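> This is the structure, below, for whatever I ask next.
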Amino acid sequence: MSGKYDDIINLPHPVSKRYPRMPLAERAAQFSPFAALTGYESVISETARLTDKRLELDENRKSELDATLSALASSLPEKPEVTITFFKKDSRKEGGKYITLTARLKKIDATAHTIVLTDGVTIPIADIYALSTAAYGESYDRV
């Protein structure tokens, strides 16, 4: 005997008399990778998702938007087509994103301070960044 394990190297493989032999598919499952931290990937992707900061309007922009809203209020029966860029707050993290919609104007609700479009979208007036309509030839910067 010259090797360390020469006394056991040629012995038969032990087989249990109590437990049946495990199928190969189950043996492979023992060594498959697993997610030690469940939900970690979704947390990382949520953290990496970018949001925009809300931009503050200066007084000139506010007065221009007010003038456009008053002009649109007088033409509500024609349901003018408007393009609105507004800020939508993110529900999960700080910030949000700017959305631009083009639709027909249904109503300007002065008590709720909202604009209602014919497709049912309601936009708070305080969230409007830019408003343009072809009827008055007015167009403000977009984000």
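The values are calculated or read from the model by the stated rules, or taken from the named source; none is laboratory data. It should be emphasised that the depicted structure is a prediction, and the values quoted were computed from it without experimental measurement. Backbone-built Cβ (ideal geometry, glycine too); neighbour counts: all protein chains shown. Each accessible area value is taken on the protein alone, full model and side chains, heavy atoms only, with ligands, DNA and RNA left out. Shrake-Rupley method; radii C 1.70, N 1.55, O 1.52, S 1.80 Å.
> Determine which member of the set Ala25, Ala36, Ala29, Ala48 is surrounded by 10 or more Cβ atoms within 10 Å (Cβ to Cβ), on the phi < 0 side of the Ramachandran plot and out of contact with any helix residue (DSSP H, G or I) (no Cβ under 7 Å at 6 or more places or on another chain).
Residue meeting the stated conditions: Ala29.
> Regarding the range 112-124, can at least one residue be identified that is at pLDDT below 90 and surrounded by 11 or more Cβ atoms within 10 Å (Cβ to Cβ)?
No, the range 112-124 contains no residue that is at pLDDT below 90 and surrounded by 11 or more Cβ atoms within 10 Å (Cβ to Cβ).
> Would you pick out the residues in the range 79-97 that are over 11 Å from Leu117 (Cα atoms) and in contact with a strand residue (DSSP E or B) (Cβ under 9 Å, 6 or more places away or on another chain)?
Of everything in the range 79-97, those that are over 11 Å from Leu117 (Cα atoms) and in contact with a strand residue (DSSP E or B) (Cβ under 9 Å, 6 or more places away or on another chain) turn out to be Thr85, Phe86, Phe87, Lys88, Lys89, Asp90, Gly95, Gly96, Lys97.
> Restricting to the range 24-47, give me the number of residues that are part of a helix (DSSP H, G or I) and not acidic (Asp, Glu).
Residues that pass the stated criteria total 12.
> Condition check: loosely packed, with under 15 Cβ neighbours inside 10 Å, in contact with a helix residue (DSSP H, G or I) (Cβ under 9 Å, 6 or more places away or on another chain) and of a type in the set (A, V, I, L, M, F, W, C). Does Ala73 satisfy that?
No, not satisfied.
> Further question on the same structure: Can you tell me which condition Tyr129 does not meet? The list is (1) in contact with a Ser or Thr (Cβ under 8 Å, 6 or more places away or on another chain); (2) aromatic (Phe, Trp, Tyr); (3) open to solvent by 70 Å² or more (accessible area, probe 1.4 Å), and all the others hold.
Condition not satisfied by Tyr129: (3).
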